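The values are calculated or read from the model by the stated rules, or taken from the named source; none is laboratory data. The structure presented is a predicted model; accordingly, all values stated were derived computationally and were not measured. Neighbour counts run over all protein chains shown; Cβ positions are idealised from the backbone, glycine included. Ligands, DNA and RNA are stripped out before the accessible areas are found, and what is left, the full protein with its side chains, is counted by its heavy atoms. Shrake-Rupley method; radii C 1.70, N 1.55, O 1.52, S 1.80 Å.
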Amino acid sequence: MEVAFGVLGPVAAWDGTGDTIALKGPRHRAVLARLLVARRRVVPVGRLVEDLWAGQDEPPADAVGAVRTFVAALRRALEPERPPRSPARLLVT
């Protein structure tokens, strides 16, 4: 499985055949960008919450759940052939 990412301009992803991977909204793309910038280092969910809702007095009460939802959607988009409940290979915990 090969995936390429683009971060100059809008965050984008392509599969091994060069087809564009459908990424959802801006927060999904922001999570992916933050993880790419971390370069294989762990990014705690609290840090993702801080980054996604920077500039606001406080993140929403369900921010942690929202981040987990964004990551789950990214996993489905980046590894569409992965069977349910099997370990992810690109975005790992």
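Would you compute the Debye intensity of the range 1-67 from its alpha-carbon atoms alone, equal scatterers and no solvent, and pass along log10 I(q)/I(0) at q = 0.18, 0.23, 0.25 Å⁻¹ to two decimals?
Relative scattering, expressed as log10 I(q)/I(0), comes to -0.74, -1.05, -1.15.
Taking the alpha-carbon centroid of each part, what is the distance from the range 32-46 to the range 13-28 in angstrom?
Distance between centres, Cα-based: 17 Å.
For Gly16, what charge total do you get from the other residues with a beta carbon under 15 Å from its beta carbon, if Lys and Arg give +1 and Asp and Glu give -1?
On the way: positive: Arg82, Arg89; negative: Glu2, Asp15, Asp19, Glu79, Glu81.
Once all neighbours under 15 Å are counted, the net charge is -3.
Among Val64, Val43, Val7, what's the order by accessible area (1.4 angstrom probe), most exposed first? Intermediate values should be presented prior to the final figure.
Details: Val64 60, Val43 25, Val7 85 Å².
Correct descending sequence by accessible area is Val7, Val64, Val43.
Skip the ligands, DNA and RNA, and give the accessible area per residue of the chain with a 1.4 Å probe, whole Å².
71 Å²
Report in % the part of the accessible area of the chain that belongs to carbon and sulfur, leaving out ligands and nucleic acids; probe 1.4 Å. Could the numbers behind the result be given before it?
Details: 3640 of 6590 Å².
The value for the chain is 55 percent carbon and sulfur by accessible area.
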